[in-house]
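Report on the structure given below.
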Protein chains: 2
Amino acid sequence: MTDTTKAGGDAGRAAARPGTAKSAPTIYDIAVLAGVNPSTVSRALSKPGRVSAKTAQKITDAAQELNYQVNVFARALPTGRTQTVGLIVSDITNPAYFEVIRGAETAASGRDYTLMLAESAESAELELTAARRMLATVDGLILASPRLSDEEIGLLASKKPVVVINRSVAGVASVVADTEVGVTDAVRHLAAMGHTAISYVAGPERSWMSQRRWESIKARCDWHGMQATVVASLPPTVDGGRRAAAGVRAGAATAVFCYNDLMAIGLMRELQSAGLTIPEELSILGFDNIFGSDFTTPPLSTIKSPLHELGVSAFRRVLDAVDQVDAGQEPPAPPTELVLRGSTGRAKGA
Amino acid sequence: MTDTTKAGGDAGRAAARPGTAKSAPTIYDIAVLAGVNPSTVSRALSKPGRVSAKTAQKITDAAQELNYQVNVFARALPTGRTQTVGLIVSDITNPAYFEVIRGAETAASGRDYTLMLAESAESAELELTAARRMLATVDGLILASPRLSDEEIGLLASKKPVVVINRSVAGVASVVADTEVGVTDAVRHLAAMGHTAISYVAGPERSWMSQRRWESIKARCDWHGMQATVVASLPPTVDGGRRAAAGVRAGAATAVFCYNDLMAIGLMRELQSAGLTIPEELSILGFDNIFGSDFTTPPLSTIKSPLHELGVSAFRRVLDAVDQVDAGQEPPAPPTELVLRGSTGRAKGA
DNA sequence: AATTGATTGGCAACCGGTTGACAAAGGGAA
DNA sequence: TTCCCTTTGTCAACCGGTTGCCAATCAATT
């Protein structure tokens, strides 16, 4: 390889389209222009301090002039690093993920990383497929509310840095919102409004967060001497909420927490179309404060999740793991917050 | 390279984490196991028909046994192909993209492609950055309602296959919903309800689709002898819709089309909180039929877009371009459809 | 001025596939 | 049986970076 003339496989990236004649500049081109060895170019560009300031300057100038861009594949081949992190959400149509995605994406762009997004459509199987596929090409993975088993997540985490959002898995980094704050305020509020029996419409069995929310609600209700029961476990969708209506009416509770806003909206609409008035006959609360939760009549009271922070924080922790920096202690869980709107009111008959 | 012992850079992908000892199997491992040359393995795995059925079988068996997975970077280096396509949406928090994303993702998974998603947060600059970044690593790009100029899009398209959704750019493949059907039905309906003056709250100036919708509305109104005017051009968000309220009230129209549902919802809520009753005093129509458009009171009447089809179709066309198959004639534009709900009614005083 | 130690740059061997050119092997026709 | 045409497998040169090792360079110390 003494001369730098290109021969052989001409299927290079830039030559792919008819319009573009020359292929993209390489470090070899820069080396020629700057009068140094390619390896020096490589070092100047990716190992700050390894070459003298003078040579580095010459090289960056040359790179600039040629409008050089690293070939990420060539870099990834020996190093395995791609400057990409994956994010898998359980359902892309759930507005709760909006801000998680945005948070992660913003954090990623800021550090010159690319975010790769996939969804599992609430299926553990699809989730695993997506995770496996991504694992080969990303530096780290974020799983938002995964439906996978702990073992599967542990297995993924043994191969690349993994951070889970709103779930706790032994040995795997996680970012979880602190439900306590919001729930405490919510239950206190309900108690003050005369409610004494509360029910909870749970999300999927596999949802760790659904469990977590229930535990939190149960604990606070006990504290206030209120009765609390789970009425159903259903898909975390508007339709899932609808299907909880019968169970809710059968119970004696005057206030209902739903696992998330989607379910709360579904439940409310179903009950209303059956003739119930909200909140006079029943108070309803959701979780997350998603887009659209204030469109309903009455607007939904909910416990807001710090979705954006969760995304940002998850990305940061992936990066820490990738860069092998010890993050020190776990960062504090960002708090939830009670948002009172129109779907909660005084208990019927209180 | 007569022996296959690994030396040198040990930073390979699988060795990145402490837990995993051996690095991933390569075609060289398969070659040894199957007793053939590595290049034969390569051909057997990616050039069907190039090797005899018997050898192919031996090789696939060996690959199976080793649980082999191609190294996408190694493949991408000489070929430039990554089995990945990019999708850039103008705003990830706009529910209208839900189904576009899902459609593209489903189509991609089905063809064993990976979808890479990014958003531009309604900024042409961010969009260009994202597009440039993606361009290096994807086989093709889908731009949904891009805010970029025609020239910039053309430039991108000169490097890799590009398909735009809901926009038309000379020389660039595009997938556009047929607005005519829905608009025709909607205007006919309004005419039948006694409306004679209509206004349009436009989206961003750069939005080709906003123009398109307006032209369509204008044409149909002319046909019915109705008056039609544009009252404002605002961001395509709930807040943008809110800000249109004053302009709408100042006009004489008894029915308003908004560029999309987000704006329609914002407008409706703003007007309602100012004391107007919908649809008695004003009829409102949106476009797209997004998640949440039926949560409002009254539920929004809208012109539904074939969002899922747009995503699927865009992906297909990218793949056609990548594979150089001539798609023949342009596929027909998927139609829109009028969805009548509660926000439209008889014209005031009619 | 000679010796020593720290910087800096170059060489070459990788990473793991792909592919053009070519030779060997196999099959059919003459 | 011989010759020719396919089919099939091998060789080797890539794709474009990264990095361990070593030699050359340069400054500082004695």
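On the stretch given as segment A:132-153, residues that are of a type outside the set (A, V, I, L, M), open to solvent by 20 Å² or more (accessible area, probe 1.4 Å) and facing another protein chain (nearest Cβ under 10 Å) total 3.
Restricting segment A:99-112 to residues that are within 9 Å of chain B (Cβ to nearest Cβ) and crowded, with 21+ Cβ neighbours inside 10 Å leaves a set whose member that is farthest from DNA strand C (Cβ to nearest atom) is A:99. In summary, helices (runs of 4 or more DSSP H) completely within segment B:37-80 and bearing 1 or more residues that are more than 22 Å from residue A:134 (Cβ to Cβ) and within 14 Å of chain A (Cβ to nearest Cβ) occur at B:38-46, B:72-79. Residue count for segment A:296-316 satisfying the condition of being within 14 Å of another protein chain (Cβ to nearest Cβ) and either part of a strand (DSSP E or B) or open to solvent by 10 Å² or more (accessible area, probe 1.4 Å) (or both): 6.
For segment B:191-207, filtered to residues that are among the hydroxyl-bearing types (Ser, Thr, Tyr) and assigned to a loop (DSSP other than H, G, I, E, B), the residue that is surrounded by the most Cβ atoms within 10 Å (Cβ to Cβ) is B:207.
Residue pairs whose Cβ atoms lie under 9 Å apart, separated by 6 or more positions or on different chains, with the first residue in segment B:176-197 and at positive phi and the second part of a loop (DSSP other than H, G, I, E, B), are B:194/B:254; B:194/B:346; B:194/B:347; B:194/B:348; B:194/B:349; B:194/B:350.
Let's see how each residue does on (1) modelled with pLDDT of 90 or more; (2) over 26 Å from residue A:80 (Cα atoms); (3) more than 7 Å from DNA strand C (Cβ to nearest atom); (4) in contact with a Pro (Cβ under 7 Å, 6 or more places away or on another chain):
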| residue | (1), (2), (3), (4) |
| --- | --- |
| B:3 | no, no, yes, no |
| B:26 | yes, no, no, no |
| B:41 | yes, no, yes, no |
| B:54 | no, yes, yes, no |
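Scanning segment A:250-272 for residues that are open to solvent by 20 Å² or more (accessible area, probe 1.4 Å) and part of a helix (DSSP H, G or I) yields A:250, A:269, A:270, A:272. Being over 25 Å from residue B:304 (Cβ atoms) and part of a loop (DSSP other than H, G, I, E, B) holds for only one residue in B:247, B:275, and it is B:275. Can you tell me which residue is surrounded by the most Cβ atoms within 10 Å (Cβ to Cβ) among those in segment A:48-79 that are of a type in the set (Lys, Arg) and farther than 23 Å from residue A:138 by Cβ? Of everything passing the filter in segment A:48-79, A:58 is surrounded by the most Cβ atoms within 10 Å (Cβ to Cβ). Checked against (1) buried (at least 24 other Cβ atoms within 10 Å of the Cβ); (2) without any contact (Cβ under 8 Å) to a residue 12 or more places away in the chain; (3) among the β-branched types (Val, Ile, Thr), residue B:284 passes all but condition (2).
The values are calculated or read from the model by the stated rules, or taken from the named source; none is laboratory data. Note that the structure is a prediction, hence the values are computed from the model and not measured. With ideal geometry, Cβ positions are generated from the backbone for all residues, glycine too; neighbour counts draw on all protein chains shown. Please note that ligands, DNA and RNA were not included when accessible areas were found on the heavy atoms of the full protein model with its side chains. Shrake-Rupley method; radii C 1.70, N 1.55, O 1.52, S 1.80 Å.
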